[in-house]
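Beneath this line is the structure, given in structure tokens, with notes to follow.
Values quoted throughout were computed directly from the atomic coordinates according to the rules given, and no laboratory measurement underlies them. Everything numeric here is computed off the predicted structure, so don't read it as measured data. Reconstructed Cβ throughout: ideal geometry from the backbone, glycine too, with neighbour counts over all protein chains shown.
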Amino acid sequence: MKILFIGSRLFDDVAWYTKQLGIETIITESNENAVNLDLADKHYIVPRGMEEPLNIAIKEDVDAVIPLIGIDPPLVDVGRMKDTLEEENGIPVIAAGYSTALLAANKYETKKELSKNNISTPYFNKLDEPYDFDNIQKQLPLVFKTPEGQGGSGVKIALSKEDIVEFTSGKDNIFTEEFVEGIEISVEVLRWKEQSVALAPIYKGDTTLEGTHPLAKIKQAPLNIRGIDNISHNNEIRQLAEKLADLVGVEGTMDIDILHDSNSNNDYVIELNTRPSGTRYMTASATNIYPLCQLVDMAMGNWSAKKVESDIKEYHACELPVGDFPEDKKIPEFKVFSGDNSYVVHGPQHYQRVTIRADSREKLNNITYDIVNDYATSNNINFN
Ligand SMILES: Nc1ncnc2c1ncn2[C@@H]1O[C@H](COP(=O)(O)OP(=O)(O)O)[C@@H](O)[C@H]1O
Ligand SMILES: [Mg+2]
């Protein structure tokens, strides 16, 4: 079995797994100084784009291709490559195809598609020039977005006329969205050969008027909202995720961003991301299902949604942005939880995050407390 991985940055998520399975691995990467290149049996430094990875997949006669791309811009190209390699060369590519990637790449088109299928999304409007600032001002706070963007780059929660003027200047493809006061949820869904399985809904913090991105917040699982039946709610979210995966026909992994309105208790879908999710360590911690290793199982041809469903565990999990993990505390070597009560450190220097798992809430609190305490000591912070 020989698999080509596109992009090396996330390869350490799966390297331990491919080794364990005895899979021959090749990486293509456009940055010669990138991390993890030495974890594969072979690597190629190639120009950006999907042309060379496609040629190498054919030349190396690989059994499957797994794109490990954590950013949005190349995804439509990846979809094009998938369609070609699968149709013309019979090489499976574990990712979203062209039309799915194209839809997910555009938040506005995604919302139109959601509305068409009676899936709730916050009320939205395309903004046409000339802008009617006085009318818009009556609706503040109002969320301004461009169809593309990631990590909050194309999003502004406008609180004043100045905010509107600043965001709109120089752009011509803006839409506005109702501000949802509540909490942010993400759920990952796996889909291959028309079978789908959703993993655990992850709590990503409250929405704020500053639009603080979940990257900077504490995450938790299981999702537990005060005053509602959480078992039914979590099941509803998982069903919604599977329905959405089937609707857009995604393959591989997709994450779905949801805003839960605290006043109405309704869930609103805001975007689909057809790539490895930023919450994948939380998912792995909470369920013991590692989304990127699942892609390897799909490539091997022995993936089944039923098997994943029956393998799902229920751990307590949280994730903290720590910047730099305390140096005197051991960093686990692999990106894999070593037991019922353990943690994984991930992310680049100065942007590290720690994801913790435990078999009870109390143990989760204890491990978290220890890590935060060590963090405070090594950074000279006094929490008292
Ligand atoms: N309608 C909304 N109401 C409240 N907060 C929002 C809304 N839309 C986006 N946000 C905030 O902005 C963040 C980024 O928005 P999102 O559309 O997911 O873009 P990105 O692709 O940058 O993640 C969200 O995670 C949330 O914190
Ligand atoms: Mg988002």
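Mind running the shape call on the range 182-378? Use the C-alpha gyration tensor, a ≥ b ≥ c as the square roots of the eigenvalues: rounded below 1.5 for a/c, prolate if a/b tops b/c, oblate otherwise. Don't skip to the answer; put the middle values down first.
Details: a/c = 1.72, a/b = 1.26, b/c = 1.37.
Note, shape of the range 182-378 comes out oblate.
Helices in the chain, meaning DSSP H runs of at least 4 residues, each add -39500 (n - 2.57). Divided by all residues, the mean residue ellipticity at 222 nm is -9500 deg cm²/dmol.
Only sites in a loop by DSSP and with at most 16 other Cβ atoms within 10 Å count here; which trypsin sites (Lys or Arg not before Pro) in the range 83-176 make the cut? Write out the running numbers ahead of the final one.
Values: sites: 107, 111, 112, 116, 126, 138, 145, 156, 161, 171; in loops: 138, 171.
Passing sites in the range 83-176 are 138, 171.
Using a simple spin-label model with pseudo-atoms 7 Å out from Cα toward Cβ, residue 116 and residue 21 lie 3.5 nm apart.
Binning the C-alpha pair distances of the range 2-95 at 5 Å intervals from 0 yields a P(r) profile of 3, 15, 28, 27, 19, 8, 1 %, listed from the shortest bin outward.
If a/c stays under 1.5 just call it rounded; otherwise compare a/b with b/c (prolate if a/b is bigger, oblate if not). Do that for the range 283-346, with a ≥ b ≥ c from the square roots of the Cα gyration tensor eigenvalues. Write out the running numbers ahead of the final one.
Values: a/c = 2.86, a/b = 1.97, b/c = 1.45.
Note, shape of the range 283-346 comes out prolate.
Shown here are the Rg and Dmax of the Cα trace of the range 146-268, at 16.1, 49 Å. When the Kirkwood radius is taken over all Cα pairs of the chain, what Stokes-Einstein diffusion coefficient follows at 10 °C and 1.306 mPa s, in µm²/s? So the translational diffusion coefficient is about 72 µm²/s.
How large is the charge dipole for the range 123-178, taken about the Cα centre, if only the Cβ atoms of Lys, Arg (+1) and Asp, Glu (-1) carry charge, to the nearest 20 debye? Intermediate values should be presented prior to the final figure.
Details: 6 positive and 11 negative charges, 26 e Å.
Here the range 123-178 has a charge dipole of around 120 debye.
Extending 7 Å from the Cα toward the beta-carbon at both residue 58 and residue 372 defines two label points whose distance is 5.6 nm.
Please compare each pair in 306/330; 107/307; 217/363; 243/307 to a cut-off of 27 Å on the Cα-Cα distance and tell me which ones are over it. Mind dumping the intermediate values first?
On the way: 306/330 36 Å; 107/307 32 Å; 217/363 21 Å; 243/307 19 Å.
Too far apart for the 27 Å limit: 306/330; 107/307.
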